[in-house]
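Novice: Dropping a structure here in structure tokens format, bear with me for questions.
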């Protein structure tokens, strides 16, 4: 068995990086393939602002000539400025259940980050905490959710076997819209009864820049005290 790491470029050169998903999840009954155009946009500096101010390298791993996994290594100046540190991150980690392949991916990311003189490495974060973050450890019977990582049950083992430890528990919640919990309905009614001066208006192209700016301000204010926060 031959294991080989190959760096790949961004934009159109990232196709092997994207294709790795279909190899890893070929036998996952709940996996829903994402849109390739969306994945391409994530990895293209023309469409993803992070790749214009951050620094990133993509890698794929081949076993006997077939791409069977991938990883990114990246630094984020916005994170360093916010938290006063030199942080290194890996993301987009996907791999078949093969210890040698996983080790090769993680070591490649670590070696690249060592060249960037980072103080520590954390992941998976793809590419920032405002995007997909973490490794799924429960809920493998549920389909992938928007902006939430999916994953294979063995990822946690592969990461721990390579020296990684949990940094933070990240929780996701499901809420039944068609059959809402009566307790939440009472909370809803109470909140509406206590808040005055709220109006709903249309979001129009004419005021797009203004309204997007308002949304960004609200987002940053709401998230500023959360773990790993970086402003948008």
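For (1) in contact with a strand residue (DSSP E or B) (Cβ under 9 Å, 6 or more places away or on another chain); (2) without any contact (Cβ under 8 Å) to a residue 60 or more places away in the chain, each residue gets a yes or a no:
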position: 112; (1), (2): yes, yes
position: 155; (1), (2): yes, no
position: 163; (1), (2): no, yes
position: 173; (1), (2): no, yes
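Novice: Does residue 33 fit the bill of being modelled with pLDDT under 95 and closer than 28 Å to residue 143 by Cβ?
Specialist: yes
Novice: Follow-up question, since we're still on this one. Just one of 73, 102 is in contact with a helix residue (DSSP H, G or I) (Cβ under 9 Å, 6 or more places away or on another chain), crowded, with 16+ Cβ neighbours inside 10 Å and more than 24 Å from residue 230 (Cβ to Cβ); which is it?
Specialist: Of 73, 102, the one residue that is in contact with a helix residue (DSSP H, G or I) (Cβ under 9 Å, 6 or more places away or on another chain), crowded, with 16+ Cβ neighbours inside 10 Å and more than 24 Å from residue 230 (Cβ to Cβ) is 102.
Novice: Which ones in region 161-185 are surrounded by 10 or more Cβ atoms within 10 Å (Cβ to Cβ) and modelled with pLDDT under 90?
Specialist: Result: 172, 180, 181, 184, 185.
Novice: Now for a different question. Among the residues of region 89-112, count how many are under 18 Å from the mean Cα position of the chain (by Cα) and closer than 20 Å to residue 45 by Cβ.
Specialist: 5
Novice: If you don't mind, there's one more thing I want to ask. Need pairs with beta-carbon distance below 8 Å; first residue in contact (Cβ under 8 Å) with a residue 24 or more places away in the chain and within region 76-99, second assigned to a helix (DSSP H, G or I) and loosely packed, with under 15 Cβ neighbours inside 10 Å; sequence gap 6+ or separate chains.
Specialist: 77/53; 78/53; 99/161
Novice: Which condition breaks for residue 124 when tested against (1) touching a residue at least 40 places away in the same chain (Cβ under 8 Å); (2) closer than 20 Å to residue 14 by Cα?
Specialist: (1)
Novice: Is it the case that residue 229 is surrounded by 10 or more Cβ atoms within 10 Å (Cβ to Cβ) and outside any helix (DSSP H, G or I)? Walk me through it before giving the result.
Specialist: Values: surrounded by 10 or more Cβ atoms within 10 Å (Cβ to Cβ): yes; outside any helix (DSSP H, G or I): yes.
In short, yes.
Novice: Give the residues of region 10-25 that are modelled with pLDDT of 95 or more and either part of a loop (DSSP other than H, G, I, E, B) or not assigned by TED's automatic domain parsing to the domain that holds residue 105 (or both), sorted by residue number.
Specialist: 25 - this is the single residue of region 10-25 that is modelled with pLDDT of 95 or more and either part of a loop (DSSP other than H, G, I, E, B) or not assigned by TED's automatic domain parsing to the domain that holds residue 105 (or both).
Novice: Check off (1) outside the structural domain of residue 84 (by TED's automatic domain parsing); (2) surrounded by 13 or more Cβ atoms within 10 Å (Cβ to Cβ); (3) touching a residue at least 60 places away in the same chain (Cβ under 8 Å) for residue 207 and give me the number that stays unchecked.
Specialist: Of everything listed in (1) outside the structural domain of residue 84 (by TED's automatic domain parsing); (2) surrounded by 13 or more Cβ atoms within 10 Å (Cβ to Cβ); (3) touching a residue at least 60 places away in the same chain (Cβ under 8 Å), residue 207 misses just condition (3).
Novice: Here are some residues: 111, 141. Which one is exposed (fewer than 14 other Cβ atoms within 10 Å of the Cβ), on the phi < 0 side of the Ramachandran plot and part of a loop (DSSP other than H, G, I, E, B)?
Specialist: Exactly one residue qualifies, and that residue is 141.
Novice: Separate question: Mind checking which residues of region 21-35 are surrounded by 12 or more Cβ atoms within 10 Å (Cβ to Cβ) and under 16 Å from the mean Cα position of the chain (by Cα)?
Specialist: Answer for region 21-35, where residues must be surrounded by 12 or more Cβ atoms within 10 Å (Cβ to Cβ) and under 16 Å from the mean Cα position of the chain (by Cα): 21, 34.
The values are calculated or read from the model by the stated rules, or taken from the named source; none is laboratory data. From a predicted model like this one, the values you see are computed outputs, not experimental measurements. Here Cβ is always computed from backbone atoms with ideal geometry, including for glycine, and neighbour counts include all displayed protein chains.
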